[in-house]
Amino acid sequence: GENVEQHPSTLSVQEGDSAVIKCTYSDSASNYFPWYKQELGKGSQLIIDIRSNVGEKKDQRIAVTLNKTAKHFSLHITETQPEDSAVYFCAASSGTYKYIFGTGTRLKVLA
Amino acid sequence: GAVVSQHPSRVICKSGTSVKIECRSLDFQATTMFWYRQFPKQSLMLMATSNEGSKATYEQGVEKDKFLINHASLTLSTLTVTSAHPEDSSFYICSARTMDHTRPMVEQFFGPGTRLTVL
């Protein structure tokens, strides 16, 4: 079946360093790739997304890259801050309602 | 905008009882609401999709008689876990898709989740 693999499961970085989280998807029909940040009591917030007709998208300190050939996409956070600490989920969708989520990455930014 | 709330945020119940979880879109009308379940250190798994005024569509392996979904209005969907058992203990998350046609159809807004513990 369709699945999304996400690595690493945990990631610790020093404040100010960059963090990279990678996801690989199996469904070649996937064309929409959102990233969510999950914090206790705040639910899952969409932080950035990318569509299959674009290779890269950036929003301030956050960027996402997509390699359709290899079927993987990555989240890049630069100049990390303690408030970036959270669990991050990637997802893939083929344009319908159904999201296939990755298993999550717990990011810890050490002050 | 596009805020989704869930109530309660946390519930503890005895085995055999039923628990109702509410999901509300606070500042938009939702064509479709989704219910997910998340076990510790695992991903969000879609349980069912509900459209206002019609029966929910359940994912394979999800018991529709155990997880009752009602989507009575464009801003409210409820999930009732009937005859709950300890194995139903999980984090339940809803999401909603807006009717706003200027937003991508595939975009979903997530609620904060409900932690269910069945003793």
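Couple of notes before you dig in:
- Members of the stretch B:28-56 that are of a type outside the set (S, T, N, Q), assigned to a loop (DSSP other than H, G, I, E, B) and within 26 Å of A:VAL4 (Cα to Cα): B:PHE39, B:PRO40, B:LYS41, B:ALA56
- Note on the stretch A:5-55: residues that are under 20 Å from A:SER93 (Cβ atoms), among the aliphatic types (A, V, I, L, M) and not in a strand (DSSP E or B) total 2.
- Matching residues in the stretch B:25-71 - criterion: being within 13 Å of another protein chain (Cβ to nearest Cβ), farther than 24 Å from A:CYS90 by Cα and under 14 Å from the mean Cα position of the chain (by Cα): B:ASN51, B:ALA56
- B:THR49 passes every criterion in (1) of a type in the set (Val, Ile, Thr); (2) in contact with a Leu (Cβ under 7 Å, 6 or more places away or on another chain); (3) over 13 Å from B:VAL4 (Cβ atoms) apart from (2).
- Selected residue (criterion: nearest to A:ASN3 (Cα to Cα)) from residues of the stretch B:57-79 that are of a type in the set (S, T, N, Q) and outside any strand (DSSP E or B): B:GLN60
- Scanning the stretch B:6-21 for residues that are surrounded by fewer than 17 Cβ atoms within 10 Å (Cβ to Cβ) and in a strand (DSSP E or B) yields B:HIS7, B:ARG10, B:ILE12, B:CYS13, B:LYS20.
- Of all residues making up the stretch A:21-53, the number that are β-branched (Val, Ile, Thr), under 17 Å from A:LYS98 (Cα atoms) and in contact with a Ser or Thr (Cβ under 7 Å, 6 or more places away or on another chain): 0
- Single residue of the stretch A:74-99 satisfying the filter (in contact (Cβ under 8 Å) with a residue 60 or more places away in the chain and touching an Asp or Glu at 6+ places or on another chain (Cβ under 7 Å)) that is surrounded by the fewest Cβ atoms within 10 Å (Cβ to Cβ): A:PRO82
Readers should treat all values here as calculations from the given coordinates under stated rules, not as data from a laboratory. Just so it is clear, the model here is predicted, and its values are computed rather than measured. Counting neighbours? That spans all protein chains shown, and the Cβs are built from the backbone with ideal geometry, glycine included.
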